[in-house]
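Computed from the coordinates by the stated procedures, all read-outs in this text should not be read as laboratory data. It should be emphasised that the depicted structure is a prediction, and the values quoted were computed from it without experimental measurement.
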Amino acid sequence: MRLEMNHPSRERMALEERVRAVLYLTLGAAMEQIQPAARLIDDLYADSMELLEMVMLLNDEFGIEIGAADVVGMRTVADVGEAVARHVKKAPTLGLGMMAAK
């Protein structure tokens, strides 16, 4: 099932919330801590296994393929959101992943 979102700012807000939800699930950080400037390792204490799980869940949630080059550049929550947005932009619709179905 696919969800088309017509309003760009609404689409971006929905994307950011879904990214934050993935980070919440994989990193175990409080939602209040998952802010755009928060650093994945230094502020949210992500380890390599959590980062791998995060990428796998993002790929599943959005129906995208985040590659190694993207992961290397992910330092902050904003970096993660930007990487996801770049990949989603290539697709005509946003996938309804497991979290959106809840």
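Values for this structure:
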read-out	value
Under 5 Å, built H, 5+ apart or other chain: amide partners of THR76	LEU40
Extended-chain gain in nm, criterion 0.36 nm per residue less alpha-carbon gap, SER9 and ALA68	18.4 nm
In order through the range 65-80: 3J(HN,Hα) via Karplus (6.51 cos²θ - 1.76 cosθ + 1.60), integer Hz, x for Gly, Pro	10, 7, x, 4, 4, 5, 4, 4, x, 7, 10, 10, 4, 4, 4, 4
Rg/Rh for the range 6-95, where both radii come from Cα atoms and Rh is the Kirkwood radius	0.94
